[in-house]
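Colleague: Below is one structure. I have some questions about it.
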Amino acid sequence: MKTILILEDNDERIAGFQKTVTELNGGFELKIWRDAHSMIAECAEFFPSAALICLDHDLNPQPGITTDPGTGFDVTKYLCDFMPVCPVLIHSSNVDRVYSMHNELRFAGWMVDRVGPLGTDWIQTTWLRRARELLAEHENTWKANLQANHVERVERMKLSLDGLGLGDALGEMLSYQSANAVRRLAENDLPAGPWFHTDDTEMAISIVAVLKSHGELNQDALARRFARRFERDPDRGYGSMTRIQLREINAGAKWRETAANAFGGQGSMGNGGAMRVAPLGAYFADDLARCADAARDSALVTHTHPEGVAGTIAVAVGAAMAWQLRAAPQIDFAQKFFAEILRLTPESKVRRGILLASQTPVEIPFPEVAKSLGNGSLVTAPDTVPFCIWMAANYPLQFVEAIGKTISVGGDCDTNAAIVGGIVALSAGRKSIPNEWLEAREAIG
Ligand SMILES: [Mg+2]
């Protein structure tokens, strides 16, 4: 059975679609939703048989219903969380929104086209012609290969991404007066929003999107998303080598080559793999070996130097362990946390730094700890990751305090706090994140 999924609120048009679909002669079933929310709630169960999705944008409330019916753009955003299922044909006269929908879908890899609802017989003429072509040219590509508990995994990623994004935005804002960060965060003495995030969050959003839609770390999809987000919004404080790589990918280069060629063929040992990876650790929190493998894959898209890779693995495993140990007594936390990170992080400067961190007691004043382990001022993984891991190990339940202390040691403030925030959110839990902070930051998505 093949299904055509339609979002349309107008009775006349619905009748037009019902009549016209019989002319397609493919035995197509028609499934129609009159509002965005019910389509979002139900349409995924039709993905295995979907042959074509047709979307209107502007929707009117149905008689007797007072709730907002949503829009075709709401459904579009929902679809973009999935790998492409089948072609999409947009039929709205709201031209601006048609372009927004078209761009979003294309950006997420979907085949998409549009027809203008002009005249009285457009369904029988232009729509039918284009629908016929799309059905002939494209097959259903639905792949049901998502992980078990995918929805819970995605929720965990969002928690980590919230922590990461707040650490990033606060670290960036307070980097010029980092010495006061502990007090300012504790007293909520912070600028009015919106708080803007930087490259750390931008790239983490891409990791979350790929895991959400693929259920695994697909490197090609990740490179594509990194590059497209950069193209849309380049001024997010990306490192100069990352800018070069993403620009080349947008110009058609292969990520394997751009990543391998960085820094004269040495590959990047920057902290860019580590800064974005905590949500991946959240997704694979129940399987540390898989988590480390996926973290390595995520790093290699831009950072091929063994130090850049080791830092990425350490942070991802740290995030996974933070989740696993979230209910553990604080006294056991640091030891178990370090043990698994050290077990899975390959031999490297990063690992030696983490080993030193594991032997550095919480009683040592944290600015001293940062002096010995590094605070990211070199923007390399070995100079960044060990101190962040130490902070996450010793303040697992104190999200605000951990972020404040991390920022106060200076160095690469936004990245340090993004790493710590992405990990500690998972051990401290959602209740530890101030709601007013989430409201003050710019929207993530
Ligand atoms: Mg940054």
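The values are calculated or read from the model by the stated rules, or taken from the named source; none is laboratory data. Source: prediction; values computed, not measured. Quick reminder, even Gly has a Cβ in these numbers, built from the backbone with ideal geometry, and neighbours come from all protein chains shown.
Colleague: Looking only at the stretch 160-189, how many residues end up being touching a helix residue (DSSP H, G or I) at 6+ places or on another chain (Cβ under 7 Å), surrounded by fewer than 22 Cβ atoms within 10 Å (Cβ to Cβ) and among the aliphatic types (A, V, I, L, M)?
Modeller: Residues that pass the stated criteria total 3.
Colleague: So, ALA402, is that one touching a residue at least 60 places away in the same chain (Cβ under 8 Å), more than 16 Å from the ligand (Cβ to nearest atom) and out of contact with any Cys (no Cβ under 6 Å at 6 or more places or on another chain) or not?
Modeller: When the stated conditions are applied, ALA402 does not pass them.
Colleague: Just to be sure I understand the filter: pairs with C-beta atoms under 9 Å, separated by 6 or more residues or on different chains, first member in the stretch 153-168 and hydroxyl-bearing (Ser, Thr, Tyr), second member within 16 Å of the ligand (Cβ to nearest atom). Which pairs pass?
Modeller: SER160/ALA204; SER160/ALA278; SER160/PRO279; SER160/GLY421; SER160/GLY422
Colleague: Residue pairs, Cβ under 7 Å, 6 or more apart or interchain, first in the stretch 184-197 and more than 7 Å from ALA440 (Cα to Cα), second assigned to a loop (DSSP other than H, G, I, E, B) and hydrophobic (A, V, I, L, M, F, W, C). List them.
Modeller: Listed pairs, sorted by first residue: ARG184/LEU190.
Colleague: Then there is this: Quick test of your reading of the structure: LEU24 fulfils all but one of (1) closer than 16 Å to MET101 by Cβ; (2) more than 27 Å from the chain's Cα centre (by Cα). Name the failing condition by number.
Modeller: (1)
Colleague: For the stretch 411-422, which residues satisfy the criterion of being β-branched (Val, Ile, Thr) and either within 9 Å of CYS388 (Cα to Cα) or modelled with pLDDT under 95 (or both)?
Modeller: Listed by number, the residues that qualify are ILE419, VAL420.
Colleague: Okay, next question. Report yes if THR67 is part of a helix (DSSP H, G or I) and either at pLDDT below 95 or under 26 Å from SER206 (Cα atoms) (or both), otherwise no.
Modeller: No, not satisfied.
Colleague: Going through the stretch 409-445 one residue at a time, which ones are more than 16 Å from the ligand (Cβ to nearest atom), touching a residue at least 60 places away in the same chain (Cβ under 8 Å) and not aliphatic (A, V, I, L, M)?
Modeller: SER427, GLY429, ARG430, PRO434, GLU436, TRP437, GLU439, GLY445
Colleague: Could I ask something else about it? If you check ASP233, ASP199, which single one turns out to be modelled with pLDDT of 90 or more and touching a Gly at 6+ places or on another chain (Cβ under 6 Å)?
Modeller: None of the others qualify; the one that does is ASP199.
Colleague: Output the residues belonging to the stretch 7-58 that are of a type in the set (Ser, Thr, Tyr) and either surrounded by 13 or more Cβ atoms within 10 Å (Cβ to Cβ) or touching a Leu at 6+ places or on another chain (Cβ under 7 Å) (or both). Walk me through how you get there before you give the answer.
Modeller: So in the stretch 7-58, the residues of a type in the set (Ser, Thr, Tyr) come out as 20, 22, 38, 49.
Within the stretch 7-58, THR20, SER38, SER49 meet the criteria.
Colleague: So, in the stretch 163-182, exactly how many residues are over 11 Å from ALA440 (Cβ atoms) and touching a Gly at 6+ places or on another chain (Cβ under 8 Å)? Don't jump to the end; show me each part of the working.
Modeller: In the first step, residues of the stretch 163-182 are kept if they are over 11 Å from ALA440 (Cβ atoms); the result is 163-165, 167-168, 171-172, 174-182.
If we keep only those that are touching a Gly at 6+ places or on another chain (Cβ under 8 Å) as well, we get 163-165, 167-168, 172, 175, 178-179, 181-182.
Of the residues in that region, 11 qualify.
Colleague: I've got another one for you. Considering (1) within 18 Å of ARG225 (Cβ to Cβ); (2) among the basic types (Lys, Arg); (3) in contact (Cβ under 8 Å) with a residue 60 or more places away in the chain, say which one ARG256 fails and leave the rest.
Modeller: It is condition (3) that ARG256 fails.
Colleague: May I pose another question? Scan the stretch 216-233 for residues that are surrounded by 15 or more Cβ atoms within 10 Å (Cβ to Cβ) and within 16 Å of the ligand (Cβ to nearest atom) and jot them down.
Modeller: Correct list: PHE226, ARG229, PHE230.
Condition check ((1) under 21 Å from the mean Cα position of the chain (by Cα); (2) at pLDDT 95 or above; (3) among the acidic types (Asp, Glu); (4) within 14 Å of the ligand (Cβ to nearest atom)) across all residues:
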{"site": "SER240", "(1), (2), (3), (4)": "no, no, no, yes"}
{"site": "GLY252", "(1), (2), (3), (4)": "no, no, no, no"}
{"site": "THR258", "(1), (2), (3), (4)": "no, yes, no, no"}
{"site": "GLY270", "(1), (2), (3), (4)": "yes, yes, no, yes"}
